[in-house]
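Only one structure is covered here, and it is reproduced in the block below.
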Amino acid sequence: MTLAGATAGALAYASLIERNAFVLRELTAPVLPRGAAPLRVLQISDIHLMPAQRRKVAWIKELARLRPDVVVNTGDNLSHADAVVPLLEAMSPFLDLPGAFVLGSNDYYSPKLKNPAKYLTKADAEPDTPLLPTAELVAGLRSQGWLDLNNARAPLSVGGLELELVGVDDPHIKLDRYGDVAGPADPAADLTVGVLHAPYQRVLDAMTRDGAGLIIAGHTHGGQLALPFYGALVTNCDLDPRRAKGVSRWWPGAAGAPDAAAPADAAWLHVSAGLGTSPYAPIRFACRPEATLLTLTPRDR
């Protein structure tokens, strides 16, 4: 096979097969008090939904079989102005469960056609495209009691535990105002959880300093184009590529450091590779689209 043929084959696989090969990741994080029962958190992120993507809608709805205790949506739900109704259909099995959400740039602005090589060289954070129906999306997600964590802090009682949730609007387009919700973790809470779309270090550092034990994010698409046996090349933010998806540890100064160097008070960080892509770059390679069932377990000390 020629190099050109191999390249064409890889592109066909990435665009036609892998980007639609949805997978559920099951991970754990030991963040709860000793003796607590496990808590199952379903994270859904970066759906980037187009109205005609019925298979994606059906796959998300089918996740209701997991019976999660709480659901967290970390933004970038839309890729089209007419996608709010199918998006809310996809989320409908979960809206009567305890849940929370933050927004990403593609909950505000339509995606645009651009040179895909820019993704490999810099984070493009200057939206200049038409607005999406954000208010309709937010109203739908809040309709049955989900918490809107865009620059907000709120308590959540679930599974016999008292959680403190603190979130920001999308740091990728500089809508984060962590200063509005900053403060020490509530000592009465069993766990403080930080929630954001794009895991920029400035927000991760601030949440960790304030005592968040767990931080949940999306945005990176897991690198979207990864190398087998190596992983992500980029994250589209200032997070180091080793943390582009999955569970790791975070503390101020963690960039580039191994988890083995984490201090005792480091947060657990989960970054979802998400379920979608921009309609103008419908490719994933060595990085399948995903939702995550993150089981929180008791700390060992």
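The values are calculated or read from the model by the stated rules, or taken from the named source; none is laboratory data. From a predicted model like this one, the values you see are computed outputs, not experimental measurements. As a convention, Cβ positions derive from the backbone with ideal geometry for all residues, glycine included, and neighbour counts pool all protein chains shown. For accessibility, only protein heavy atoms count, side chains too; no ligands or nucleic acids. Shrake-Rupley method; radii C 1.70, N 1.55, O 1.52, S 1.80 Å.
Some observations on this one:
- The criterion of at least 2 residues that are surrounded by fewer than 19 Cβ atoms within 10 Å (Cβ to Cβ) is met by the following strands (runs of 3 or more DSSP E) wholly inside region 132-213: 152-158, 161-167.
- Inside region 238-247, residues that are surrounded by fewer than 21 Cβ atoms within 10 Å (Cβ to Cβ), touching a residue at least 24 places away in the same chain (Cβ under 8 Å) and in a loop (DSSP other than H, G, I, E, B) make up a count of 1.
- Per-region count, region 64-92, residues more than 19 Å from residue 271 (Cβ to Cβ) and touching a residue at least 60 places away in the same chain (Cβ under 8 Å): 4
- Among the conditions (1) of a type in the set (S, T, N, Q); (2) within 21 Å of residue 68 (Cβ to Cβ); (3) part of a loop (DSSP other than H, G, I, E, B), the only one that residue 292 does not satisfy is (3).
- A Cβ distance below 6 Å, combined with a sequence gap of six or more or placement on separate chains, defines the contacts here; from region 147-158, residues that are within 17 Å of residue 179 (Cβ to Cβ) reach residues that are open to solvent by 50 Å² or more (accessible area, probe 1.4 Å) in the pairs 151/177; 151/180.
- If you go through region 269-289 and pick out every residue that is open to solvent by 60 Å² or more (accessible area, probe 1.4 Å) and either outside any loop (DSSP other than H, G, I, E, B) or farther than 28 Å from residue 106 by Cα (or both), you end up with 1.
Listed here are the residues, each with its yes/no results for (1) of a type outside the set (D, E, K, R); (2) closer than 30 Å to residue 266 by Cβ; (3) part of a loop (DSSP other than H, G, I, E, B); (4) modelled with pLDDT of 95 or more.
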| site | (1), (2), (3), (4) |
| --- | --- |
| 6 | yes, no, no, no |
| 9 | yes, no, no, no |
| 28 | yes, yes, no, yes |
| 40 | no, yes, no, yes |
| 51 | yes, no, yes, yes |
| 55 | no, no, no, yes |
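- Odd one out for residue 94, checked against (1) at pLDDT 95 or above; (2) closer than 26 Å to residue 286 by Cα; (3) in a loop (DSSP other than H, G, I, E, B); (4) of a type in the set (A, V, I, L, M, F, W, C): (2)
- Among residues of region 204-231 that are over 19 Å from residue 173 (Cα atoms), those with a Cβ under 7 angstrom from a residue that is of a type in the set (A, V, I, L, M, F, W, C) and assigned to a helix (DSSP H, G or I), sequence gap 6+ or separate chain, pair up as 215/204; 215/207.
- Single residue of region 88-116 satisfying the filter (among the aliphatic types (A, V, I, L, M) and over 16 Å from the mean Cα position of the chain (by Cα)) that is nearest to residue 278 (Cα to Cα): 113
- Looking only at region 73-94, and only at residues there that are open to solvent by less than 10 Å² (accessible area, probe 1.4 Å) and of a type in the set (A, V, I, L, M), the one that is nearest to residue 150 (Cα to Cα): 78
- Look at region 248-271: where a residue is in contact (Cβ under 8 Å) with a residue 12 or more places away in the chain and a partner is part of a strand (DSSP E or B) and of a type in the set (Ser, Thr, Tyr), sitting 6+ places away or on another chain with Cβ atoms under 6 Å, you get 269/248.
- Within region 185-203, the set of residues being in contact (Cβ under 8 Å) with a residue 12 or more places away in the chain and either basic (Lys, Arg) or out of contact with any strand residue (DSSP E or B) (no Cβ under 8 Å at 6 or more places or on another chain) (or both) comprises 200, 201, 202.
- Number of positions in region 248-265 that are surrounded by fewer than 17 Cβ atoms within 10 Å (Cβ to Cβ) and assigned to a loop (DSSP other than H, G, I, E, B): 10
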